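Below is one structure, written out as structure tokens; comments come after it.
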Amino acid sequence: MTLGILAVLAMAFVMFAGFWTDWLWYRSVHYSSVFTTTLWTKIGLFSVFGLLMAVAVGLNIWLAHRLRPPLSAMSLEQQSLDRYRMGIAPFKKWLLLGITALVGLIAGASASGQWRTWLLWVNGVPFGQKDPQFHLDVSFYAFDLPWYRFLVGFGFAATVLSLIAAALTHYLYGGLRITSPGARATGAATGHLSVLLGVFVALKAVAYWLDRYGLAVKSSDFKASSNWTGLRYVDANAYLPAKTILFCIAVICAVLFFATLWRRTWQLPVIGFGLMVLSAILIGGLYPAIVQKFQVQPNEQAKEAPYIQKNIDATRKAYGIDATEVKDYKGTTAAEDNAKLRADADTAASYRLIDPNVVTPAFQQLQQERKYYQFAVPLDVDRYTDKDGKEQDTVVGLRELNLNGIDKRNWINDHFTYTHGYGVIAAKGTSVDSTGSPDFTESGLPTTGQLGEYEQRIYYGEKTEQYSIVGGPQKELDYEAEGKGQETTSFKGKGGVSLSNPFNRAAYAVAFSEPQILYSGAIGEGSKILYNRTPKQRVEAVAPWLTIDGDPYPAKIGKRIQWVVDAYTTTNGYPYASRTTLGETTADSLTTRQRAVVAQQNQVNYIRNSVKATVDAYDGTVTLYQWDTKDPVLKTWMKAFPGTVKPKTDISPELLAHLRYPQDMFKVQRELLTRYHVTNPAQFYSGSDAWQVPDDPTNKDGVAVPPYYLSMKMPGAETQGKKFSLTTTFTPNGRPNLGGFMAIDADAASKDYGTIRLLRVTDNVQGPQQVQSKLNGLPEVAEFVRNLRGSDSEIDYGNLLTVPLGGGFLYIEPVYARGGSANYPLLKKVGVSYGDKTVFKDTLAQALNAVFGVDGSEPPPATKPPTDTTKPPSTGTNATVEQAIKDAQKAWDDGQKALQKGDFAAYGKAQQELQAALQRAADAEAKAKGSTGGSGSGG
């Protein structure tokens, strides 16, 4: 008995440990309301629906037993059943309780999984938009209809189980007979079962009525779209009236079943039920098929056009692509001044030569410092200001902990000594050093550079998945600096769960299946346990109603490193909007190989980037900010979980400067725009202008090219300067030429943030794969590859960037060499293509000069500076002219140095200074001569 009691207590504690540790964790991150709201909602649903199911089944079993007939003259059938009745007689009450408890537990557990559906229904906020068929608010389909369908489904389950249980009880006690002579059922059994059948048919009537509205969110295969959602002609003109007729028939049939209580005959309800089944076949199946065959198919395009238009409008609105700015763009350019094109190329974009998807090994070898550090793959792109205060695209990565690099693995080292990474490593995105390695702006251990002072310890990161115990008597390794030995530290952050309490230690020992947590001397006063340490894990836990972007990225905000996590609200109940599967839509050549895609694989047909979240890399603090202030789905969840999401106004200017448009949202929108850039129903139906996202030309796996962050100008926006953008290309279905170019303003501080600009290419322009093939076919490339093979090196192609320029498209691709003495990628070549010309040179400057036919030994004629031998005019000059000439010469020299380094931001600045100096010289000479046109400086 004692052992039995101890075993039960141990099992209870094991089950309780998971609950208790979850509560402690939520309390530690100050989101205990999420835990309690979710818990009480699940408990409430479990209790209510479990009780309803138990009562429904138990009541019908009790009623069937109470209505049993007297067994005075038992037949052989009843005599054979008598031993079963006698066998269960002593346990009838316990058997009844057991059956009802079992079905109640199963039903309650199933209902508790509907906590999201319940919270959305009870807290639903109107969309302020109505569907075009029934003119109901979208919230009815997104929040109400799923709950009503659950209730009907639960009613069906309760009715069917009650019917089965009642029928078995009636049979066991003689109310139903199979082989006995005479009536097959007593009057009481007939009435009881007929009522249950009537309830079933009544629920079917309700289901038919809800099915009418379900047509607006029904998915179907359709030539116009493989993920079609909403009514088509046959739905509106055949299925919709059929569902209404079937509803009426089901109501009548249900009344006939209920009438059996008085008539005591099955004749009419059975006839009615047969008519309902026949009607369902003829009206609900055959009639729509006839309409489709003889009315729709002969003229499908015309019949479906109004419904295609509704689908186009709803889909564009649901995915936020309805405001896309579409512009026809030839994509080819007539003969222009090559010098002007060359000059425009310098200011069209900040060409990112450092590909964050390729250079992780360079970061690893040059900045890893210790084997127990690592960098994420791929790295991230952000914007930081340089020493001159100018914003530049920057490739960043955190030096995170890698336990596999520890020389001696044991429990103490894994969880007490090695607990955190150290520092941010950053490099210019537009230039490299003289060897082709990244030009680091923040490096070393501890790191130093342009970021200034900040908390460098990284306790929470993308690669940090193990738990750590910190803050107690056991000191942690902080870092090892060359010549300084090991530095130790102790965690002082406010995050983590205290292990000072023996009860907590026991709970975590059970939860983590690690008994040493209970008795280890390394744990004492002040010890805390850190877990759920990746940014995605933490945001998913505190906001389980959000869908998380697959690419969290770090940013220095104030004195801390914050992980920025984009989060989405979604629904699959937006009427007429076509559905997409997030996991498939967001996959590309990078997510397939290197980064986890969005975890949720469910289909959605509405998405908004409604929340920006941050996770402190030191103490793990999670903060949710409302980003989309108009999203009704977010407003609904904020009602359900009040106080969890901070208002948008709480976002600091420094954080705002590092927020960007999320990649997964962009990939969903670009996938939809492959078809929904077309707004004409006839053209949409024919699919003549359908696009596809091209395969990554630098990858042989046949997966989609990823989008690229790039600071650039779009045609028609030259006066606005370069904008931090997210870009992609499209090709026509089944063809390799360029079909479109898409860019979205990704700078959260911009007034045009989120504006999608789409260039529809009208001429025959080479697409990414064609450009890659053309580049690979150059003799210079073949020679470069041969030379690499001779040195045991390999070639790595970087991101193929596409930039609109001068009416055409400029393609730029960095090319890396990997292997030899430096087994990491070094930028060695740059491929550039414009129009029909493709070149392969040592630097970007040389490649641009070559592709535009400009002599790289001197700048374009319009910017050529005077030489030192320039003679002053006969009328004499002054100190202003001399100083201007010196400034021009200095600007020219600075520009040449920048060209050699491949730093085109500095080159553009030098060109501006050169122009200004030449203008000052010209103005001074003109003033000295007393004329208006004397320049004398060869401008």
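Among 445, 268, the order by Cβ neighbours within 10 angstrom, fewest to most, reads 268, 445. Counting 0.36 nm for each residue step from residue 629 to residue 152 and taking away their Cα separation leaves a gain of 168.3 nm. Taking θ as phi - 60° and the Karplus parameters 6.51, -1.76 and 1.60, the scalar couplings of the range 108-123 work out to x, 4, 5, 5, 5, x, 9, 4, 5, 4, 5, 5, 5, 5, 6, 10 Hz in sequence order, x denoting glycine and proline.
For residue 419, nonlocal amide neighbours, meaning residues 5 or more places apart or on other chains whose placed amide H falls under 5 Å from its own, are 477. The helix-based estimate of mean residue ellipticity at 222 nm for the chain, built from -39,500 (n - 2.57) per DSSP H run of four or more residues and divided by its residue count, is -13000 deg cm²/dmol to the nearest 500.
How big is the equivalent ellipsoid of the range 195-318 along its three axes, where each semi-axis is √(5λ) from the Cα gyration tensor, reported in whole Å from largest to smallest?
36, 16, 8
Computed from Cα atoms, the angle from the helix 145-172 axis to the main principal axis of the chain rounds to 30 degrees. Among 226-238, 297-309, the peptide with the highest mean count of other Cβ atoms within 10 Å heads the list, and the full ranking is 226-238, 297-309.
Sorted ascending by nearby beta carbons within 10 Å, beginning with the fewest, 545, 209 become 209, 545.
Only Cα pairs under 8 Å and 6+ residues apart enter the sum, and on that basis the relative contact order of the range 650-707 stands at 23 percent.
Shape call for the range 138-230 from the C-alpha gyration tensor, a ≥ b ≥ c root eigenvalues: rounded (a/c under 1.5), prolate (a/b greater than b/c) or oblate? Here the range 138-230 falls in the prolate category. Between residue 492 and residue 700, the modelled label-to-label distance comes to 5.4 nm, taking each label 7 Å out from Cα in the direction of the beta carbon.
Given 568, 186, 800, which one lies farthest toward the positive end of the charge dipole of the chain, if we put +1 on the Cβ of every Lys and Arg and -1 on the Cβ of every Asp and Glu? The one lying farthest along the dipole's positive direction is 186. Applying 0.36 nm per residue to the separation of residue 295 and residue 475 and subtracting their alpha-carbon distance, the gain on full extension is 56.8 nm. Temperature 20 °C, viscosity 1.002 mPa s: under these conditions the Stokes-Einstein estimate for the range 659-719, based on its Kirkwood radius over C-alpha pairs, is 152 µm² per second. Applying 1/(1 + (r/R0)^6) with R0 = 51 Å to the Cβ-Cβ distance of residue 313 and residue 40 gives a FRET efficiency near 0.80. Structural descriptor for the range 514-580: relative contact order 22 percent, calculated from alpha carbon pairs under 8 angstrom and at least 6 residues apart. Its relative contact order, with pairs defined as Cα atoms under 8 Å and 6+ residues apart, puts the chain at 11 percent.
Across the range 573-582, rounded Karplus estimates of 3J(HN,Hα) from the backbone phi angles (6.51 cos²θ - 1.76 cosθ + 1.60, θ = phi - 60°) give x, 8, x, 6, 7, 5, 8, 9, 9, 4 Hz, Gly and Pro being marked x. A viscosity of 0.890 mPa s and a temperature of 25 °C, combined with the Kirkwood radius over C-alpha pairs in the Stokes-Einstein formula, give the range 707-801 a diffusion coefficient of 156 µm²/s.
Ratio of Rg to Rh for the range 351-458: 1.01 [Cα atoms; Kirkwood radius as inverse mean 1/r over pairs]. Counting only aspartates and glutamates at least 8 places from residue 243 when in the same chain, those with an alpha carbon closer than 15 Å to its own are 211, 235. Put simply, the amide H of residue 557, placed in the peptide plane, has neighbours under 5 Å in 562, leaving out anything fewer than 5 places away on its chain.
A simple spin-label model places the labels of residue 65 and residue 340 9.6 nm from each other, with each point 7 Å out along Cα-to-Cβ.
Rounded to the nearest 5, what is the percent of antiparallel bridges among the DSSP beta bridges in the chain?
Counting DSSP beta bridges with both partners in the chain, the antiparallel share is about 95 percent.
Residues whose amide H comes within less than 5 Å of that of residue 756, counting only those at least five positions distant or on another chain, are 325 (H built at 1.01 Å from N in the peptide plane). Each Cα pair of the range 438-494 feeds into the Kirkwood radius, which the Stokes-Einstein equation turns, at 37 °C and 0.692 mPa s, into a diffusion coefficient of 241 µm²/s. Prolate is the label for the range 605-738, because a/c, from the alpha-carbon gyration tensor with a ≥ b ≥ c as root eigenvalues, is 1.5 or above and a/b exceeds b/c. One equal scatterer on each Cα of the range 244-400, no solvent, Debye formula: the resulting log10 I(q)/I(0) at q = 0.12, 0.15, 0.20 Å⁻¹ is -0.88, -1.08, -1.19.
Each of 818, 116 was scored by other Cβ atoms within 10 Å of its Cβ. Arranged with the fewest first, they read 116, 818. Whole-Hz Karplus values for the range 652-661 come out as 6, x, 5, 5, 4, 5, 10, 6, 8, 6 Hz, taken residue by residue from phi with 6.51 cos²θ - 1.76 cosθ + 1.60 and θ = phi - 60°; glycine and proline positions read x.
Between residue 330 and residue 649, the simple label model (points 7 Å from Cα in the Cβ direction) yields a spacing of 5.1 nm. Cα axis of helix 904-929 to longest principal axis of the chain: angle in degrees, 0 to 90, nearest 10? Orientation of helix 904-929: about 40 degrees from the principal axis.
Scaled against 2.2 N^0.38 Å for its residue count N, the alpha carbon radius of gyration of the chain is 1.21.
Taken together, the values in this text are just the output of simple stated rules run on the coordinates, not laboratory data. Quick caveat, the model's predicted, so the values are computed rather than measured. Positions of Cβ are generated from backbone atoms using ideal geometry, with glycine treated the same way; all protein chains shown enter the neighbour counts.
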